[in-house]
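The values are calculated or read from the model by the stated rules, or taken from the named source; none is laboratory data. The model shown is predicted, which means the values in this text are computed figures rather than measured ones. Counting neighbours? That spans all protein chains shown, and the Cβs are built from the backbone with ideal geometry, glycine included.
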Amino acid sequence: MSTKRLFISIELPQAATKLLEGLDPKMRGVRWLAPEQMHLTLSFLGTVSNPAEEALKRNLKALAWKGFFLPIFGLGKFPGKGSPNVLWVGVGTGHPHLFQLHKRVQEAAIGAGLEPDLRSFHPHITLARCRDVSAESVRPFLRTRAALDAGMIHVESFCLNSSRLTPAGSVYTRELEISYSPLRPPTR
């Protein structure tokens, strides 16, 4: 039985990824992601069997949801204290449409017999991975760009992707794209 490493994401328009790519501080130990790797993860599913993937695809295609606008602003790091592992750009808080979509995606995964990551949802777009970088060395970069406003994106689709790990980083393949259909009213 074949398996794939899967995640569900909101992809960014090229104008947004180009702007985010231009923020790269070119610091030692900070590996900036390529624009095609920048996205907002709705759900990471890990290794999934082919039958479960097919069930998930059916469930995702059946989702009713509404398109929405999402702001991209502010920079930060994970973890919040200590040396960073990840640098990210935020999408603000209090977006009911984003949280509703996340909830429906999680329910679709559970309905397919999968166990999605059930930790609290902290929506963000990963910009860089860090290795042996001190909090002090990234602090000036984060401080000068804390008020970054990269505008709004219109979320009209989300994607099921597979991820293959390579020494040069992850390689993503789009397995399915689900577009918002204004003709199909969202369900409650």
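Pull up segment 40-90, narrow it to residues that are farther than 17 Å from I110 by Cβ and among the aromatic types (F, W, Y), then point me to the one that is surrounded by the most Cβ atoms within 10 Å (Cβ to Cβ). Among residues in segment 40-90 that are farther than 17 Å from I110 by Cβ and among the aromatic types (F, W, Y), the one surrounded by the most Cβ atoms within 10 Å (Cβ to Cβ) is W88. Scan segment 111-131 and report the pairs whose first residue is in contact (Cβ under 8 Å) with a residue 40 or more places away in the chain and whose second residue is hydroxyl-bearing (S, T, Y), with Cβ atoms within less than 6 Å and a gap of 6+ or a chain change. These pairs meet every condition: P116/S43. Among the residues making up segment 22-42, a single one is of a type in the set (D, E, K, R) and under 9 Å from L127 (Cβ atoms): D24. Within segment 66-85, being within 30 Å of R143 (Cβ to Cβ) and either part of a strand (DSSP E or B) or touching a Phe, Trp or Tyr at 6+ places or on another chain (Cβ under 9 Å) (or both) holds for F69, L70, P71, I72, F73, G74, L75, G76, K77, F78, P84, N85.
Scanning segment 1-37 for residues that are among the hydrophobic types (A, V, I, L, M, F, W, C), within 27 Å of A52 (Cβ to Cβ) and buried (at least 16 other Cβ atoms within 10 Å of the Cβ) yields L6, F7, I8, I10.
Among the residues making up segment 116-133, those that are modelled with pLDDT of 90 or more and not small (G, A, S) are F121, H122, P123, H124, I125, T126, L127, R129, C130, R131, D132, V133. One residue stands out in segment 91-125 among those that are among the polar types (S, T, N, Q) and not in a loop (DSSP other than H, G, I, E, B): the one that is surrounded by the most Cβ atoms within 10 Å (Cβ to Cβ), namely Q106.
Checking the structure you have, find out if any residue of segment 149-160 is of a type in the set (S, T, Y), surrounded by fewer than 17 Cβ atoms within 10 Å (Cβ to Cβ) and outside any strand (DSSP E or B). Don't jump to the end; show me each part of the working.
So the first thing to find is which residues in segment 149-160 are of a type in the set (S, T, Y), and the list is 157.
Now restrict to residues that are surrounded by fewer than 17 Cβ atoms within 10 Å (Cβ to Cβ): 157.
Now restrict to residues that are outside any strand (DSSP E or B): none.
So far as segment 149-160 goes, no, none of its residues is of a type in the set (S, T, Y), surrounded by fewer than 17 Cβ atoms within 10 Å (Cβ to Cβ) and outside any strand (DSSP E or B).
All conditions but one from (1) in contact (Cβ under 8 Å) with a residue 40 or more places away in the chain; (2) in a strand (DSSP E or B) apply to W88; the one that does not is (1).
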